[in-house]
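Notes follow the structure.
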Amino acid sequence: NSPEEFWIEIFEKKCLFSAGELLFTNKDLIWFEKLLWAHESIIPDQVDVNKQGKSSSYNRIKLGKDPFAWLMDCYRDGATIIFNGLDDIDPEVADVVRPLDKIFKGKTTANAFLTPPKSRGFMPHFDTHDVFIVQLAGEKMWHLYKQEMELPLDNQIYLIDQEKLAEPSQSYVLQPGNVLYIPRGYIHGAHTEESYSLHLTIGIRPLLGIDYLESMLEVLSKENPDLRKSLINDYEDTASVR
């Protein structure tokens, strides 16, 4: 697909799989392990753990072990390790992500996901932001379902009833270099089989129409005092609640 085809036919409308080529040549399991070691102090605040849809958090007093050791124990137990905000830590990731802020006229972030073999981090769900899944190492099976909600806002998120979930409409095995675009609102789920998986999720939060309107209203309210007045402005309004 050309850039023009992506904007007209794909963006915010449907999922897209691309075989592609390696976006990063040195992002592998060793790189991720070194990353965790080098930033162990921020693990409690910036690294999440999730297994079958259930999250865990680090507590030194309760666990009695260092953050890195705790993460490795969680990984061996089948949990997915999520390093959030990688675009603020890794210069190479930032070089890819920051230009996307201008392209999509919004905020772009990158999180790394490491999942052990035969495991699942999250149950099928939908996001309130668009994502590009960039496979770095290993393999991961992705299942795409229906569009649950058209372009949902952050406050429109909810859990999916897993028992009522239909069969996926599309399935892909992502290998290093593959990219999968998923618009917000589309249900998706992923799991590993024989191989571990390391992928980067690039989250896109473009400027929305409602964002523009809210900003314009805020500007107007600063210039026009009538917009700052209470809606209860006469005696009859207050008398009705006595």
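Per-residue answers, yes or no, for (1) surrounded by fewer than 13 Cβ atoms within 10 Å (Cβ to Cβ); (2) outside any helix (DSSP H, G or I); (3) modelled with pLDDT of 95 or more; (4) not small (Gly, Ala, Ser):
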| residue | (1), (2), (3), (4) |
| --- | --- |
| Phe32 | no, no, yes, yes |
| Ser41 | yes, no, no, no |
| Pro44 | no, no, no, yes |
| Asn50 | no, yes, yes, yes |
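Residue count for region 52-68, restricted to those that are on the phi < 0 side of the Ramachandran plot and open to solvent by 50 Å² or more (accessible area, probe 1.4 Å): 11.
Among the residues that make up region 166-175, is at least one of them in contact (Cβ under 8 Å) with a residue 24 or more places away in the chain, farther than 30 Å from Thr25 by Cβ and either loosely packed, with under 10 Cβ neighbours inside 10 Å or not aromatic (Phe, Trp, Tyr) (or both)? Yes, some residue in region 166-175 is in contact (Cβ under 8 Å) with a residue 24 or more places away in the chain, farther than 30 Å from Thr25 by Cβ and either loosely packed, with under 10 Cβ neighbours inside 10 Å or not aromatic (Phe, Trp, Tyr) (or both).
Quick grid of which residues meet (1) touching a Lys or Arg at 6+ places or on another chain (Cβ under 7 Å); (2) more than 28 Å from Ser171 (Cβ to Cβ); (3) free of Cβ contacts under 8 Å to residues at least 40 places away in the same chain:
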residue	(1), (2), (3)
Lys62	no, yes, yes
Ile89	no, yes, no
Asp101	yes, yes, yes
Ala112	no, no, no
Arg120	no, no, no
Asp127	yes, no, no
Val134	no, no, no
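Of the candidates Ile182, Ile160, Ile210, the single residue that is open to solvent by less than 80 Å² (accessible area, probe 1.4 Å), of a type in the set (A, V, I, L, M, F, W, C) and closer than 29 Å to Asp28 by Cα is Ile182. Residues Gly78, Gly20, Gly106: which one is within 29 Å of Met123 (Cβ to Cβ), at pLDDT below 95 and touching a Lys or Arg at 6+ places or on another chain (Cβ under 7 Å)? The conditions single out Gly106.
Yes or no, residue by residue, for (1) open to solvent by less than 20 Å² (accessible area, probe 1.4 Å); (2) within 19 Å of Val179 (Cα to Cα); (3) out of contact with any strand residue (DSSP E or B) (no Cβ under 9 Å at 6 or more places or on another chain):
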site	(1), (2), (3)
Trp70	yes, no, no
Pro91	no, no, yes
Ala112	yes, yes, no
Lys118	no, no, no
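Each residue in region 1-40 was checked for being closer than 20 Å to Val96 by Cα and β-branched (Val, Ile, Thr), and 1 pass. Report yes if some residue within region 140-147 is in contact with a Phe, Trp or Tyr (Cβ under 9 Å, 6 or more places away or on another chain) and among the hydroxyl-bearing types (Ser, Thr, Tyr); otherwise report no. Yes, some residue in region 140-147 is in contact with a Phe, Trp or Tyr (Cβ under 9 Å, 6 or more places away or on another chain) and among the hydroxyl-bearing types (Ser, Thr, Tyr). Taking region 1-30 as the range and being of a type in the set (D, E, K, R), closer than 19 Å to Leu174 by Cβ and open to solvent by less than 100 Å² (accessible area, probe 1.4 Å) as the test, the residues that pass are Lys14, Lys27, Asp28.
Condition check ((1) more than 14 Å from the chain's Cα centre (by Cα); (2) among the hydroxyl-bearing types (Ser, Thr, Tyr); (3) open to solvent by less than 20 Å² (accessible area, probe 1.4 Å); (4) at pLDDT 85 or above) across all residues:
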{"position": "His188", "(1), (2), (3), (4)": "no, no, yes, yes"}
{"position": "Thr192", "(1), (2), (3), (4)": "yes, yes, yes, yes"}
{"position": "Met216", "(1), (2), (3), (4)": "yes, no, no, yes"}
{"position": "Arg242", "(1), (2), (3), (4)": "yes, no, no, no"}
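Can you pull out every residue in region 75-89 that is within 21 Å of Ile204 (Cβ to Cβ), surrounded by fewer than 20 Cβ atoms within 10 Å (Cβ to Cβ) and charged (D, E, K, R)? If the condition is that a residue be within 21 Å of Ile204 (Cβ to Cβ), surrounded by fewer than 20 Cβ atoms within 10 Å (Cβ to Cβ) and charged (D, E, K, R), then Asp88 is the only one that fits.
The values are calculated or read from the model by the stated rules, or taken from the named source; none is laboratory data. Everything numeric here is computed off the predicted structure, so don't read it as measured data. All Cβ positions, glycine included, derive from the backbone under ideal geometry; neighbour counts span all protein chains shown. Accessible surface is based on the protein model in full, side chains and every heavy atom, while ligands, DNA and RNA are left aside. Shrake-Rupley method; radii C 1.70, N 1.55, O 1.52, S 1.80 Å.
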